[in-house]
Each structure stands twice: as structure tokens, then as C-alpha cells.
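Before any comments, here is the structure.
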Amino acid sequence: MAKFSKNSMVLCFLVAIVFVISSASASTRLKKFDHPTKGDGTLNFLVIGDWGRRGTYNQSHVARQMERVGEKLDIDFVLSTGDNFYDNGLTGIHDSNFVESFTNIYTAKSLQKQWYSVLGNHDYRGDVEAQLSPYLRKIDSRWVCLRSFVVNAEIAEIFMVDTTPFEEKYFTTPKDHIYDWRGVLPRQAYMANVLKELEKALSESTAKWKIVLGHHAIRSAGHHGDTQILVDRFLPILRKYDVDFYMNGHDHCLEHISDTESPLQFLVSGAGSKAWRGDTKGINRDDVHFFHDGQGFMSVELTPTEAEIKYYDVFGSVRHRWNRSKLRLHSAM
């Protein structure tokens, strides 16, 4: 009987360990939103960043051009690269800035689609929990904002990641800014978990197109330049799992840069309102295909084998167009 009890205790202990491991594994899985597409094998969407200024700094003008392009492409959704509400995020779930900078600006029928958003550094200066709150969807059902998550759109999976906590300067030299780090501390553990979740999700993806989106740049010729910690910690993962595009904002401009060691493309769309004219770093680099220091946004058109990226300025003119064929890419490799 004693032997049976001892074996039972061992068995229970092993079961408990398996349960803990399974629970830990489940906790590192990113929340996934399955977004139904039109069913014709295509996917069209817009990408905009650094926009929420109650219509000022040409935000309203950019919105009107998004209306036109959104209607023409019959877009499936909009992606936001962060810094959704200036200057200091939202003060709470009842902050009028949400309606005045989002609901009342993007009013066109063509833009009444889901908006998938990540947080930027300016959003972290406000009440982060408010911006993440499901309550905002009661005000405007288009709004979906989480720290990190996945949008599964059939032929493409978009991995939305929280990059702001990776920038050490926001913790060590915040200047006069106060950041809301609830849910982030301890920082090192949070960053490790973000990377673990991202790598796991990418390793399981069977999508034709893999897109990672964050607020901060990996490569940029704009004001902030490259983000070294993302170069060190994100870029190897993106290369390992054959990610097609990394999209971001933060620099208030439009950019297209190619990776020098893989087919990965860096696409910057952070020109939704205030832009930084003439504020550049190394735009003559060989890997920089396009740089525009004015307001605008980006469109993405995908089929299972073809991608077309277009950058539009505040007047709706196409300033840069780029195509990729999966068939040509695979045959070349």
C-alpha cells in the first residue's frame, strides 16, 4: 500500500509538471483574429501610422485620400503602426480624443472596416489600459488594439508586436514624460515573452505571406534611424522564418528599404499627420529605394503569388510602387 501511495504521489507530481508546462505554453500563444476576406483569393488593406491629432497637421487631408484609395481597392481592413493619439495617448476610456482623432476623422464608407492597431511610444504616455480596453469598441466597433496579436487573413498572417518596451531610453531617460508601464514590468521578462510569442507564431504559420508590424523601425533613413535592439533581437527571427515585410511607423515619413541579407522588405508608414521635412539619415544608402518626408499612407494588394505596395502622398498621388512575385522569388532562390 505504501508503494502504491508513493507511485501515486510521483504520478500526481508528473501530471502537475505537465499541467504547468502546458499552461506556460498556452500563455505564450498570441491572440489571433480570423479576418474573413472577400473569398476571391485577394487581400487589400491600408497602412497608416502616427496620426491622431484631431484632424490637424493634414490628418484630415490624408483621411480623404485614404477614403478614395480604400474605395477603389475595396479594402478588407486598415493597419495602424502606432502613435494613435497625440501627444500623450488617451487619459481614459471617456477621453474625447478617441472620437475627435479617430471616429470623426475616418468617416468615409470605405474606411468603415476593422482597424487593427499597435501602441506607439506616445500612446504609452497616456492611460494604456484605456486604449486597450474593449469599451472603446462600444464607441467605435472598428477599433481593435492589443499589445501583440495576430491577424489571420487567409493568404496572409500579420503579426502585430509591441516594440515600445524594447527602447531602453524610455525607461532610463524619459525626460519630462511619464510612461504607463503597467503590464510591462519586469521589462526583461516582458521582452523575452514578446520574442518567444512572435517566434512561436511565425514557426506555426503556413500563410503565403508573413508580415510583422511594430511601431519602431528596424531599418530607417528617417529621424530616428535604425533601432539597434530590434536589429539585434527581431531581425534574426524575421530572417529565420522568411518574413516578407516588416512594417512600422515612428519616423514621420514614408520609406521602402530592402534587407541586404534576405528578401525581407522594410516598409515605413508613419506619415498620417505631422511630418518631419528634411529630417533624414543616410537616404543615399543602396538599400533605400524610396523616401518621402511628407504626409501620406501605404496600400498593400496581395494575391497568393503577387504583392503590390503603393505609397500615396497627402494629395493622393502615387509616389512609389513596388511589386513582388512569389513565383519569381522562389525560382530565383
Applying 1/(1 + (r/R0)^6) with R0 = 35 Å to the Cβ-Cβ distance of Asn104 and Asn152, what FRET efficiency is obtained, to the nearest 0.05? 0.70
Which stretch or stretches of region 119-146 have amide N atoms under 18 Å from the point lying 7 Å from Thr56's Cα along the Cα→Cβ direction? 122-123, 126
In degrees, nearest 10, range 0 to 90: what is the angle between the Cα axis of helix 187-204 and the longest Cα principal axis of the chain? 90
Express in nm, to one decimal, how much length is gained between Lys31 and Asp232 on full extension, taking 0.36 nm for each residue of separation and deducting their alpha carbon distance. 69.8 nm
By how many degrees, between 0 and 90 and to the nearest 10, does the Cα long axis of helix 2-27 differ from the longest principal axis of the chain? 0
Max mean-square fluctuation residue, GNM over the chain, Cα-Cα springs under 10 Å, options Asp40, Asp313, Asp123: Asp40
Would you kindly state how much longer the chain becomes between Trp181 and Thr305 on full extension, computed as 0.36 nm times their sequence separation minus their alpha carbon distance, in nm to one decimal? 40.5 nm
For Arg68 and Arg137, what is the calculated FRET efficiency with R₀ set at 25 Å and r taken between the beta-carbons, to the nearest 0.05? 0.40
Over the chain - Rg/Rh using Cα atoms and the Kirkwood inverse-distance radius: 1.02
With each label point set 7 Å from Cα along the Cα-Cβ vector, what nm distance links Asp40 and Asn193? 4.3
With θ set to phi - 60°, apply the Karplus curve 6.51 cos²θ - 1.76 cosθ + 1.60 along region 235-242 and write out the HN-Hα couplings as whole Hz, x wherever there is a Gly or Pro. 4, x, 5, 5, 5, 4, 9, 6
Strictly over 29 Å apart at the Cα level, which of Lys175/Lys210; Lys38/Lys310; Lys72/Lys240; Lys32/Lys274; Lys169/Lys196 would you flag in this model? Lys175/Lys210; Lys72/Lys240; Lys32/Lys274
Where Lys and Arg each count +1 and Asp and Glu each count -1, what net charge lies around Gln228 among other residues with Cβ under 14 Å from its Cβ? 0
Place the peptides 270-278, 318-326 in order of packing, highest mean first, counting for every residue the other Cβ atoms within 10 Å and averaging per peptide. 270-278, 318-326
Between Ser325 and Thr172, what is the label-point separation in nm under the 7 Å Cα-to-beta-carbon projection? 4.9
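Values in this text are rule-based calculations from the coordinates and carry no lab data. None of these values were measured; they are calculated from a predicted model. Using ideal geometry, Cβ is built from the backbone for each residue, glycine included, and neighbour counts are taken over all protein chains shown.
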